[in-house]
Amino acid sequence: TGMTADDLSSVMQARPDGILLPKVEDRNTVITIADWMSAFDGDRPLTALLPIATENSRAVFRLDEIAKAHPRVGGIAYGVEDLAATMGLSRSRSESGHLLPVFQTVRHLAVIAAHAAGIAAIDTPHTMLDRFDLLEEEAREAAVSGFTGKFALHPAQISTINEALRITPAIVAEAEEILSLYRNGGGAVFRYKGRMIDTPHIQAARPLLARAASQGRAKTKQGDPA
C-alpha cells in the first residue's frame with residue numbers, strides 16, 4: 001500500500017510486544033519489515049515479528065526460510081482461512097468441524113518449522129464460535145503437538161485456550177522426576193511408570209519446564225497467583 005513505514009512509525013512508538021505480519025510469502029518480506037522495525041528500536045529490539053506463514057500455498061514450501069529469516073522473528077503463526085481461499089476451496093473444515101486433512105498437513109509443517117528455528121508456534125483460530133467443545137479439543141491437540149499459543153477470535157474463547165495450553169503441576173512434577181532420576185543414576189535408559197525413558201524424553205523435559213516457568217512469570221506479571 002505504500003503506507004507500511006508510516007504505520008510502523010506510529011505503532012513502534014508504543015513498544016508493542018510483537019507485530020503480526022500477514023500474507024507472508026517468502027523471507028524477503030520478513031527481512032524488509034524487520035529492518036524497518038530496527039530503524040525505530042535500533043540494535044536492542046523490544047518488539048518481535050510474528051509472520052503468518054501459511055496464508056497462501058507458495059509460503060507453505062518456504063516455512064523453514066520464513067521461520068529463520070531474521071533474529072527478530074519470535075514465532076510463526078498458522079492461518080487456515082486465507083489458505084483455503086487462495087486454493088479456491090469453499091471451506092477448511094469437515095461437517096463435524098474438524099480441519100480437513102490438507103490443512104492438518106500444513107498445520108504440522110508449520111509447528112515443525114517453528115521448532116526447527118527455536119521459536120514460538122501459534123495455532124490457527126477456531127472459527128466455530130459456539131462450539132467450545134471443538135475449541136477445547138483443537139487447543140489441547142495443538143498443545144500436545146508442540147504449539148505454544150493459539151489465536152482467539154472472541155474474548156469468550158480465551159479461558160478455554162489458556163486452560164488447554166496450560167502446563168499443569170502434574171506435568172511439571174513428572175518432568176522434574178524424570179530429570180531427577182536421570183541425574184541420580186537412572187542412566188541413559190530407565191523405566192518410569194511402566195514406560196521406557198531415554199534421551200529424547202530427557203531432552204523434552206528441559207524445554208517443557210522452561211515453558212512452565214515462563215507461564216508462571218506471565219501470570220505473576222498479570223497479577224495472578226503464580
Provide the three semi-axes, in whole Å and in decreasing order, of the ellipsoid equivalent to region 57-139 as defined by the square roots of 5 times the Cα gyration tensor eigenvalues. 24, 15, 10
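Ordered by packing density, taken as the mean number of other Cβ atoms within 10 Å over each peptide's residues, highest first, how do 116-128, 94-106 rank?
Working: 116-128: 19.2, 94-106: 13.5.
With the highest mean Cβ count within 10 Å placed first, the list reads 116-128, 94-106.
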Spelling it out for Ala120: with amide H atoms placed in the peptide plane at 1.01 Å from N, the residues 5 or more places away or on another chain with amide H under 5 Å from its amide H are Gly75, Ile76
Computed, not fitted: 222 nm per-residue ellipticity of the chain from DSSP H runs ≥ 4 (each -39500 (n - 2.57)), nearest 500, equal to -15500 deg cm²/dmol
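What FRET efficiency comes out for the pair Thr32/Glu81, r = Cβ-Cβ distance, R0 = 35 Å, nearest 0.05? Intermediate values should be presented prior to the final figure.
Details: r = 25 Å, r/R0 = 0.71.
After rounding, the FRET efficiency stands at 0.90.
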Are there trypsin sites (Lys or Arg not before Pro) in region 9-99 that DSSP marks as loop and that have at most 11 other Cβ atoms within 10 Å, and which are they? Arg91
For region 98-187, the convex hull over Cα atoms projects on average to an area in nm² of 7.3 nm²
Kirkwood-based Rg over Rh for region 1-110 (C-alpha set), two decimals? 1.04
Using the Kirkwood radius over C-alpha pairs as Rh, can you work out the diffusion coefficient of the chain via Stokes-Einstein at 37 °C, viscosity 0.692 mPa s, in µm² per second? 169 µm²/s
Among all the aspartates and glutamates, which ones have a C-alpha under 13 Å from Lys193's C-alpha, if same-chain residues fewer than 8 places away are not counted? Glu174, Glu177
For the chain, what is the percent of antiparallel DSSP beta bridges, rounded to the nearest 5? 25 percent
Span from the region 10-39 Cα centroid across to the region 185-207 one, whole angstrom: 40 Å
Hand me the chymotrypsin sites (Phe, Trp or Tyr not before Pro) from region 14-65 located in a DSSP loop with no more than 16 other Cβ atoms within 10 Å, in residue order please. Phe61
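Given the Cα-Cα distance of Met128 and Phe61 and 0.36 nm per residue of separation, how much length would full extension add, in nm?
Fully extending the segment from Met128 to Phe61 adds 21.3 nm.
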Interchain or sequence-distant (5+) residues whose placed amide H lies within less than 5 Å of the amide H of Met128 are none
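Quick note: the coordinates plus some simple rules give every number you see, no bench work behind them. Keep in mind the model is a prediction, meaning the values are calculated, not measured. Here Cβ is always computed from backbone atoms with ideal geometry, including for glycine, and neighbour counts include all displayed protein chains.
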